[in-house]
Amino acid sequence: MSVPVHLRIDGVETRAEVDRPGESLLGTLRDRLGLTGTKNACEQGECGSCTVLLDGDPVCSCLVATAQCEGRDVRTVAAVPGEVRDAFVTCGAVQCGFCTPGFLVAVADLLDRESDPDDARIRESLAGNLCRCTGYEKIIEAVHVAAQAMSTAAGSRGAEADGTPRIPSRSHLHRNQWINVDTLPRGEAEIGEDTP
Amino acid sequence: MTFHRPAGLAEALRLRADHPGAVPLAGGTDLMVALNYRHTRPEAILDLTGVPELREWSDEGEAIRIGATVPYTRIVADLAADLPALAAASLTVGSPQIRNRGTLGGNLATASPAGDGHPPLLATGATVHLASATGARTVPIGEFFTGPKRSALAAGELITAVTVPKAQGPQQFLKVGTRNAMVIAVCSIALALDVEARRLGTGIGSAGPTPLAAPEAERLDLPWTAPHRLSDAAVAEFGRLVAAAASPIDDVRSSADYRRHALAVCAARALRRTWGAAFERSRV
């Protein structure tokens, strides 16, 4: 006998039939609903690849039973603002990419709570997300770039007078590899030259 | 498929009595791992996250009563002033994702010797509240742990809350691990100083079959009336007594020898820090 669970996923009211009491939210998203943006890596809460927001808080979806989610709000990588995704592309904060959806969700949540976090705060907030490729420096840089892009988009601080996001002073990017993610269409970030 | 979703404590306790094979589930940071890896296949699950009585903490004057399913994130955010050691320990649990789900009640139910929440509860003399369909009882934290992953929690019972006395002086929680997050303690220690009562409370983690206190270290004669006279020898002796109270083993995380050494160092450090914080003014 299965149990119906009604939950909202990225703003869409969804009904899932769960037939195993311990079925995880991760399993439901990927295997039952075909929403494969959320990645399955360790299944023990160690790596953060499956991070989603549950009622606004980052959680490992592998550790949440779907049947616990009746009436609850789930946000996946598909709901992450384009500025965050583009910043990861711009900064080369992606290598194999498997951890990336979890990082994007965690970063979007951090920037939703704090518009301009410092390195220590970023490291603490991302402590539950493991990346075995990049060594984290470019990921941290991407958070700064995303923070600036988002505050620029919101018409606030963190940008030059013309609205161009500032390159973080600790940037590892070569100067002429800088691009203004804000001027690019979402999802089409490319490496440009000599800007700004 | 049976997934019980009680909407209140009375219903949860009735389900607990009627379905002994149903495993209680809160934040899932232990049970879901076992389920994902097929280490356990319970016939049913009893979800406690919908029970409002377990989800809140309350100020009881001398103590804070923390509902069993209050997540660590809220303990850190709400209770750091009244329960500094517990809040500090809660901040070392897992990662933000884990702290958003993991609960003190779950930590106690698992009763791992390495549970980060346990040393502060021992150091402060907390009380565990248990309930069943037929009644409720309390167990002093010192009597709660009965063996590795074994506790006084009986069949048919649920952990409903923990009452933790408010800090009566400076407190410390120190944890040794291989990194600052997502780490199971190599060893840990909590220290609570009660300046008025001239009492030291201790709690040791990951260095014995259960979390434990160091009663002999707590009885060490310290210069309460002339605090500036706290000698290096007394501090070292305190560390030695804490290490002597532990009965660590060699395992994948550490050797017994290193655990004893680290405990002595951390205990001495915790004593210096709490003592210094308590008597800073009288030192001038």
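Quick rundown of the values:
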read-out: Extension gain, residue B:39 back to residue B:197 (0.36 nm per residue minus Cα-Cα distance, nm); value: 52.2 nm
read-out: Gyration tensor verdict on the stretch B:121-231 (Cα atoms; rounded if a/c is under 1.5, prolate if a/b is larger than b/c, oblate otherwise); value: oblate
read-out: FRET efficiency for residue B:155 and residue B:216, using Cβ-Cβ distance with R0 set to 35 Å, rounded to 0.05; value: 0.50
read-out: At 0.890 mPa s and 25 °C, Stokes D of the stretch B:1-47 from Kirkwood alpha-carbon radius, µm² per second; value: 223 µm²/s
read-out: Inter-site label distance for residue A:78 and residue B:228 at 7 Å from Cα along Cβ, in nm; value: 6.9 nm
read-out: Measure of compaction for the protein assembly as shown (Cα Rg per 2.2 N^0.38 Å); value: 1.07
read-out: Residue B:95 long-range amide H proximity, modeled H, under 5 Å; value: B:182
read-out: Cα-based Rg of the stretch B:171-279 normalised by 2.2 N^0.38 Å, two decimals; value: 1.05
read-out: Computed E for residue B:255/residue B:10 - FRET, C-beta separation, R0 56 angstrom, nearest 0.05; value: 0.70
read-out: Reachable lysines from residue A:138, criterion Cα separation under 24 angstrom, eight or more residues apart if same chain; value: A:39
read-out: Theoretical gain in end-to-end length, residue A:96 to residue A:136 [0.36 nm per residue, Cα-Cα removed]; value: 13.1 nm
read-out: DSSP beta bridges in the protein assembly as shown [antiparallel fraction, %, rounded to 5]; value: 85 percent
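Rule-based calculations on the coordinates, nothing more; no lab input. Owing to the predicted nature of the structure, the values given are computational and were not obtained by experimental measurement. Don't worry about glycine lacking a Cβ; one is built from the backbone with ideal geometry, like all the others, and counts go over all protein chains shown.
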